[in-house]
Amino acid sequence: MSLSLIIVSAGFLVLILLIFWVFYNHLNLGFAFRQYQLEQIINERTEELVREKERTEALLANLLPKNTADELMAKGKATKIKYNFVTVLFSDIQGFTKIAEEMNPEVLIDELDKFFFTFDSVVEKFGIEKIKTIGDAYMCAGGIPEKNRTNPVEVILAALEMRTYMTKLKESSELEGMKFWDIRIGIHTGTVVAGVVGQKKMSYDIWGDTVNTASRMESSGEAGKINISGTTYEFVKEFFSCEYRGKMPVKYKGELEMYFVKNIIPELCDETGGPNRKFVVKMQLLKLEDMEELVAKMFGTEAPANTYFNNEAMFKNICSQVDLLSRAENVGEEEIINLKLAAIFLLTGFISDYFKPLEGAIRNVEEVLPRHGFNQENVDETRKLIRNSFSDSILSLEDKILHDARFEYMGRVDYPVLTGKLRKEIAEHGTLYEDTEWAEIQTKLLYKHIFVTETARVLRTVEVEAQVVALYDKEQ
């Protein structure tokens, strides 16, 4: 075979390979492009599904309480719950039927929408749950879905703002020679059952005699006034000035005691008639019980089983010691609030992250307090007290009390048992100590530790030397 033929054959082979290579790359590019298009479609659909899910969740959140909406999304249904302490508010427009006959329907609806929009803002401000509107009637309830002890006061605060809003509208309408709207409000406190009704058009509703009685309070009231039951009055009489109406006949109920709420009592209101600092402090003192109950529930349901020492029992002991020492050391009401909050949240970090308890406690303070009516000042002061406790910085009387409450167990008869629980807890989290090593560490702590308030020193049950003897007896 001649050289020229070999060269032609080789060239032909290279050409064929080049064609195959071009064709193969073309196929690869086509496949990659189709794959890219498919991925884009999948990403777009995924984003659409995420947006749709977010819209659905947002819609449910607007229609239902968050806990109920979450349960409905997770299980497809929501459990009906009984609440033993709920305050229900009914309001309606005085003479609405007559107004409706004389007013253009579109204007009528626009006016109602304006009223209810304002009412929605008011109830949201006070953490009250809007239930529904029926015609000119507006219904809401405090104490659901999150239970609290302050809901009667918060509902009446909302009612006062509603009344003030309608009064201003009435005054401006009279000046302009226009028809005015007047409102009646009725309030009652008691037990309700709350839950979701319907399958296609779901709504959150409440049932029970409390609802019926609140409705009767509204219908038995007068235009421009807030009519409350004797039951509600007992819960709010320290906050509001009320006018006793006597026992009034109520359909299907017989005679019930009623009161007209006039305003906040003078010593608790500011120059505008709204709540002053003393009012807020009085409310926050009530909220402390809610916070203690909430955190106790956290320990009961979320704490790991191997928290033998930093557990619910220790949390309750610290809280009770802070109460005792605060009274004995004459701590002021405002200081007690932040001190007690620090005691309540001090150990909560061990629930979420055992190895970063300070960070966990601070995170809980920042997340929970604003949702329950505590302000930024409360958050800041509570964080500071918790940080000082973890770093053993004693800069104030409140620091001293929290320190003595936290380490009160070191002066008790059951100290050897409690320190044994601490050792077991630490061991299950990865740090082991021999008997002698543990006893030596605890002995040093006993001799180093001092109670810094006079009350704590007086209340100490067992002295250091006796505790050391008991500690070594236990380890033997």
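Some notes on this structure:
- Selected residue [farther than 23 Å from Phe355 by Cα, in the same structural domain as Lys340 (by TED's automatic domain parsing) and loosely packed, with under 15 Cβ neighbours inside 10 Å] from Tyr433, Tyr415, Tyr447: Tyr447
- The set of residues from region 392-420 being more than 17 Å from Asn310 (Cβ to Cβ) and not aliphatic (A, V, I, L, M) comprises Ser393, Ser396, Glu398, Asp399, Lys400, Asp404, Gly411, Pro416.
- Across region 112-144, the number of residues qualifying as surrounded by fewer than 16 Cβ atoms within 10 Å (Cβ to Cβ) and not polar (S, T, N, Q) comes to 11.
- Within region 341-397, the residues that satisfy the criterion of being of a type in the set (Gly, Ala, Ser) and in contact with a Gly (Cβ under 6 Å, 6 or more places away or on another chain) are Gly349, Ser352, Gly360, Ala361.
- Only one of the numbered conditions (1) at pLDDT 95 or above; (2) closer than 26 Å to Asn276 by Cα is violated by Leu402, and that is (2).
- Lys297 vs. criteria exposed (fewer than 14 other Cβ atoms within 10 Å of the Cβ), charged (D, E, K, R) and touching an Asp or Glu at 6+ places or on another chain (Cβ under 6 Å): no
- Test: residue in region 105-117 that is assigned by TED's automatic domain parsing to the domain that holds Val192, within 22 Å of Thr189 (Cα to Cα) and in contact with a helix residue (DSSP H, G or I) (Cβ under 7 Å, 6 or more places away or on another chain): no
- Residue satisfying all of: in region 350-374; part of a loop (DSSP other than H, G, I, E, B) and touching a residue at least 40 places away in the same chain (Cβ under 8 Å); surrounded by the most Cβ atoms within 10 Å (Cβ to Cβ) among these: Phe374
- Yes/no for Lys316 being of a type in the set (D, E, K, R), farther than 25 Å from Ile426 by Cα and either within 18 Å of the chain's Cα centre (by Cα) or modelled with pLDDT of 95 or more (or both): no
- Take the conditions (1) surrounded by fewer than 21 Cβ atoms within 10 Å (Cβ to Cβ); (2) under 16 Å from Met291 (Cα atoms); Leu347 misses just one of them, which is (1).
- Scanning region 315-323 turns up no residue that is exposed (fewer than 14 other Cβ atoms within 10 Å of the Cβ) and either more than 28 Å from Phe235 (Cα to Cα) or not hydroxyl-bearing (Ser, Thr, Tyr) (or both).
- For region 103-125, the criterion of being at pLDDT below 70, in a helix (DSSP H, G or I) and of a type outside the set (A, V, I, L, M) is satisfied by no residue at all.
- Scanning region 216-255 for residues that are in contact with a His (Cβ under 6 Å, 6 or more places away or on another chain) and either more than 25 Å from Pro275 (Cα to Cα) or of a type in the set (A, V, I, L, M) (or both) yields one hit, Met217.
- Subset of region 129-154 [part of a loop (DSSP other than H, G, I, E, B) and closer than 30 Å to Pro105 by Cβ]: Gly135, Asp136
- Long-range neighbours under 7 Å by Cβ, at least six apart or interchain, first residue in the same structural domain as Trp207 (by TED's automatic domain parsing) within region 119-146, second basic (Lys, Arg) and surrounded by 15 or more Cβ atoms within 10 Å (Cβ to Cβ): Asp120/Lys130; Val123/Lys130; Cys140/Lys130
- Any hit, region 288-304, residues being over 19 Å from the mean Cα position of the chain (by Cα) and not aromatic (Phe, Trp, Tyr): yes
- Checking Lys80, Lys75 one by one, the residue that is of a type in the set (Lys, Arg), exposed (fewer than 10 other Cβ atoms within 10 Å of the Cβ) and at pLDDT below 85 is Lys75 and no other.
The values are calculated or read from the model by the stated rules, or taken from the named source; none is laboratory data. Fair warning: this is a prediction, and the values are worked out from it, not measured in the lab. Reconstructed Cβ throughout: ideal geometry from the backbone, glycine too, with neighbour counts over all protein chains shown.
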